[in-house]
Amino acid sequence: IELTFGNQKILQNIYLKIPRHQVTAILGRNGGGKSCLLQIIFGTLAPTYKSVRWNGQYVESPYQKRGLVRYLPQHPLTPSSMRVKEAFEWYGIHADTIGYEKISLLKDQRMGQLSGGERRFLETLMILLSPVQFVLLDEPFSHLSPIYVEQLKTIIQEQKAKKGILITDHLYRDVLDIADQTYLLQNGATYLLSNPQQELIDRGYIPE
């Protein structure tokens, strides 16, 4: 993948592999291009150059391939007027069959009536539980209480049995807790880390 804005190269030397049944993490500083990278993989941002492959086969617009991938952006995903249970059905999920108590309590409320944390949690669930092979999560822990973060980490671990999960978030400790492999996006390039905790210190991403 190569992405250029004007004369500035945002992404270059990108190599990323997202296996099914694993959680793949991308860490990096604000403005480093993580959100752009996820949008390029999903197919909604056109870069200077890209080669996105599924099982070795080139895919021009992955989001258009039925049952392949879903993407959680940083902004709200659903209309504020939509009821929770309708939003889940929009993503092919029946709220009554999920089994999470919080959804049963909130399913008849409109998305705009929820707190920011509740809405973020439920919209992340919609993506995670979608009947697809891969999900891309951009800052899923944003605005969540510690309790919700822990619940979400558990659900991510459960869902990786069914799909490949790509996650990026600034709560790096929580990300490292659940990641099977971790990349650092730095200076527009990806680096696969063999010892994430130490290499993130060595590369100046986290303090010693």
| If you plug each phi of the stretch 68-78 into the Karplus form 6.51 cos²θ - 1.76 cosθ + 1.60 with θ = phi - 60°, what whole-Hz ³J(HN,Hα) values come out, in order, with x for Gly and Pro? | 9, 8, 10, 10, 9, x, 6, 8, x, 9, 10
| task | Please give, to one decimal in nm, the separation of the simple spin-label points placed at residue 171 and residue 80, each 7 Å out from Cα toward the Cβ. | result | 2.5 nm
| Kirkwood hydrodynamic radius of the stretch 37-163 from all distinct Cα pairs, in Å? | 15.4 Å
| Rounded to the nearest 5, what is the percent of antiparallel bridges among the DSSP beta bridges in the stretch 86-208? | 50 percent
| Cα→Cβ-extended label distance, 7 Å offset, between residue 104 and residue 145, nm | 1.9 nm
| query | What is the chain's relative contact order, in percent, from Cα pairs under 8 angstrom and six or more apart in sequence? | reply | 31 percent
| Can you give the FRET efficiency for residue 206 and residue 96, using 1/(1 + (r/R0)^6), R0 = 41 Å, r = Cβ-Cβ distance, to the nearest 0.05? | 0.45
| request: Quick one: work out the % antiparallel among DSSP beta bridges in the chain, nearest 5. | output: 45 percent
| query | Residue by residue, what Karplus-based ³J(HN,Hα) values in Hz, rounded to whole numbers, does the stretch 23-40 have, using 6.51, -1.76 and 1.60 with θ = phi - 60° and x for Gly and Pro? | reply | 9, 9, 10, 10, 10, x, 6, 4, x, x, x, 5, 5, 4, 4, 5, 5, 5
| request: Determine the calculated [θ] at 222 nm for the chain from helices alone, applying -39500 (n - 2.57) to every DSSP H run no shorter than 4 residues and normalising by the residue count; nearest 500 deg cm²/dmol. | output: -8500 deg cm²/dmol
| Got a sec to turn the phi values of the stretch 82-92 into Karplus ³J(HN,Hα) couplings, 6.51 cos²θ - 1.76 cosθ + 1.60 with θ = phi - 60°, whole Hz, x for Gly and Pro? | 7, 6, 4, 5, 5, 4, 5, 5, 4, 9, x
| request: Quick one: go through the stretch 1-41 and flag any residue whose amide nitrogen is under 11 Å from the point 7 Å out along the Cα-to-Cβ line of residue 49. | output: 1-3, 12-14
| task | For the chain, give the percent of accessible area contributed by carbon and sulfur heavy atoms, probe 1.4 Å, rounded to a whole number. | result | 46 percent
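Going by the alpha-carbon gyration tensor, a ≥ b ≥ c the square roots of its eigenvalues, is the stretch 92-181 rounded (a/c under 1.5) or, if a/c is not under 1.5, prolate (a/b greater than b/c) versus oblate?
Numbers: a/c = 1.95, a/b = 1.29, b/c = 1.51.
It is oblate, given that a/c is not under 1.5 and a/b is not larger than b/c.
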| task | Working from Cα positions, state the angle (0 to 90°, nearest 10) between the long axis of helix 146-159 and the longest principal axis of the chain. | result | 80 degrees
| task | Compute the accessible area per residue over the chain, keeping the other protein chains in place, probe 1.4 Å, unit Å². | result | 51 Å²
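The values are calculated or read from the model by the stated rules, or taken from the named source; none is laboratory data. What you see is a predicted model; the values in this text were computed from it and never measured. Please note: Cβ atoms are built from the backbone with ideal geometry, for glycine as well, and neighbour counts cover all protein chains shown. Side chains included, ligands, DNA and RNA excluded: accessible areas come from the protein's heavy atoms. Shrake-Rupley method; radii C 1.70, N 1.55, O 1.52, S 1.80 Å.
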